[in-house]
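Chemist: Sharing a structure with you now.
The values are calculated or read from the model by the stated rules, or taken from the named source; none is laboratory data. Not measured: the values here are computed from a predicted model. Neighbour counts are summed over all protein chains in view; Cβ atoms, including those assigned to glycine, are modelled from backbone coordinates with ideal geometry.
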Amino acid sequence: MNMRRQRTLARPARVHGRGLFHGHDVTMTLLPAPEYHGIVFQRVDLTARVLIPARVEYVTPAPRRTVLSRLGAEVETVEHLLAALAGMQVDNCIAQLTAAECPNGDGSSQLFVEAIDTAGIIIQSAPVATLDVNTSVTVHDEATGARWTARPTTDDTLRIEYELLSPFPGCDRQSLCIDVTPDSFANELATARTFVRESEVQSLRAVGLGRRTTPADLIVFDAEGRPIQNALRRPDECVRHKILDCIGDFALGGARLSGEFCGQRTGHRHNHELIRQIKDTQLGQRRRTA
Ligand SMILES: [Zn+2]
């Protein structure tokens, strides 16, 4: 049983940048927070300083990213920050934003890992809340072939095995299995960038998204599967980014997660659905034993 204690930042950290989809300039301030606070967003550019907890209950469906909203306030593209906080085991933090979307950096979690490293981490007194997969849960989307299976582990780890099966060159067949720890997150996953196909960029721009985005902000694959004006950091950078996204979305369970996860062809909505079902299973079990 992992009884590690809760952790927060030792001091505030600030990150400047631009959102990937909307392109607005944004400053994010990450603040230490007390025990049992969790990760909570706040839009400081709005008159009403609404708090938006990073929990799956506040997810608003949106294509290609994770969006949270509460009482009319929205925060977008939160998954790469949430991945960095979960990966580095920061349980309590307030993320204040001056615009709707988190800064993109280079499309990975590296910007946030560096901010967390600069701020430092302190260990608090209370034990961390846990969300352990204690019965098998499956999410299957017949239309897309997306599938998640989550099973209990005997060794209390978060193990993610992912198979990227896509018909498109450059990101067609890659697989990886990784035990998520602060070391493996920082060394194996944090620098893996968002990727997109050139044809998708055009359709996103047609609806007003990604207009300020350049190939330096993410990996854009051409029709032959070559990165445009860019080079891959690793041959399997795409599957590493898929796992990074899962870690961010799974953090919406609001607790340290353990289990063995096996995924194929999934997107953000499948990640959210899986976490919802794991939480529902646990709630049902608690009700039955109460
Ligand atoms: Zn992503």
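Chemist: Could you tell me whether R151 is surrounded by fewer than 16 Cβ atoms within 10 Å (Cβ to Cβ), among the basic types (K, R) and more than 30 Å from Y36 (Cβ to Cβ)?
Modeler: The answer is no for R151.
Chemist: Now for a separate question. Among the listed residues A192, A231, A150, which satisfies the condition of being farther than 23 Å from H24 by Cβ, modelled with pLDDT of 90 or more and within 15 Å of the ligand (Cβ to nearest atom)? Even if it seems obvious, please write down each step before you answer.
Modeler: On the way: A231 fails: within 15 Å of the ligand (Cβ to nearest atom); A150 fails: within 15 Å of the ligand (Cβ to nearest atom).
One residue alone meets the criteria, A192.
Chemist: Same structure, new question: So which residues in the stretch 13-37 are surrounded by 14 or more Cβ atoms within 10 Å (Cβ to Cβ), closer than 29 Å to D217 by Cβ and not aliphatic (A, V, I, L, M), if there are any at all? Quick ask: steps written out before the conclusion?
Modeler: Step one: filter the stretch 13-37 for residues surrounded by 14 or more Cβ atoms within 10 Å (Cβ to Cβ), giving 13, 15, 17-24, 26-33, 35, 37.
Then keep just the ones that are closer than 29 Å to D217 by Cβ; that gives 13, 15, 17-24, 26-31.
Matches in the stretch 13-37: G17, R18, G19, F21, H22, G23, H24, T27, T29.
Chemist: Right, something else. Is there any pair with a first residue in the stretch 225-246 that is without any contact (Cβ under 8 Å) to a residue 24 or more places away in the chain and a second that is within 12 Å of the ligand (Cβ to nearest atom) whose Cβ atoms are under 6 Å apart and which are 6 or more apart or on different chains, and what are they?
Modeler: Listed by first residue and then by second, the contacts come to N230/I219.
Chemist: Working only within the stretch 79-98, note down all residues that are assigned to a loop (DSSP other than H, G, I, E, B) and touching a strand residue (DSSP E or B) at 6+ places or on another chain (Cβ under 6 Å).
Modeler: Just the residues of the stretch 79-98 that are assigned to a loop (DSSP other than H, G, I, E, B), to begin with: 88-91, 98.
Scanning the stretch 79-98 gives Q89, V90, D91, T98.
Chemist: When A84 is evaluated against the numbered criteria (1) closer than 30 Å to R265 by Cβ; (2) over 16 Å from the mean Cα position of the chain (by Cα), which criterion, by number, is the only one it fails?
Modeler: The failed condition is (2).
Chemist: Determine whether T118 is surrounded by fewer than 17 Cβ atoms within 10 Å (Cβ to Cβ), under 20 Å from L189 (Cβ atoms), touching a strand residue (DSSP E or B) at 6+ places or on another chain (Cβ under 9 Å) and modelled with pLDDT of 95 or more. Lay out the reasoning, then the answer.
Modeler: On the way: surrounded by fewer than 17 Cβ atoms within 10 Å (Cβ to Cβ): yes; under 20 Å from L189 (Cβ atoms): yes; touching a strand residue (DSSP E or B) at 6+ places or on another chain (Cβ under 9 Å): yes; modelled with pLDDT of 95 or more: yes.
Yes, satisfied.
Chemist: Moving to a separate point now. Kindly check whether there is at least one residue in the stretch 167-185 that is of a type outside the set (S, T, Y), part of a helix (DSSP H, G or I), more than 20 Å from the chain's Cα centre (by Cα) and away from the ligand (no atom under 16 Å from the Cβ).
Modeler: Start the filter on the stretch 167-185 by keeping residues that are of a type outside the set (S, T, Y), which leaves 167-174, 176-180, 182-183, 185.
Right, trim to part of a helix (DSSP H, G or I) and you get 182-183, 185.
Narrowing further to those that are more than 20 Å from the chain's Cα centre (by Cα): none.
Scanning the stretch 167-185, I find no residue that is of a type outside the set (S, T, Y), part of a helix (DSSP H, G or I), more than 20 Å from the chain's Cα centre (by Cα) and away from the ligand (no atom under 16 Å from the Cβ), so the answer is no.
Chemist: For R212, are the conditions met, namely being surrounded by fewer than 18 Cβ atoms within 10 Å (Cβ to Cβ) and either within 16 Å of the ligand (Cβ to nearest atom) or on the phi > 0 side of the Ramachandran plot (or both)? Please lay out each step first, then the result.
Modeler: Numbers: surrounded by fewer than 18 Cβ atoms within 10 Å (Cβ to Cβ): yes; either within 16 Å of the ligand (Cβ to nearest atom) or on the phi > 0 side of the Ramachandran plot (or both): no.
The answer is no for R212.
Chemist: Condition first: within 14 Å of the ligand (Cβ to nearest atom) and over 20 Å from V40 (Cα atoms). Now tell me which residues in the stretch 234-253 satisfy that.
Modeler: E237, C238, V239, R240, H241, K242, I243
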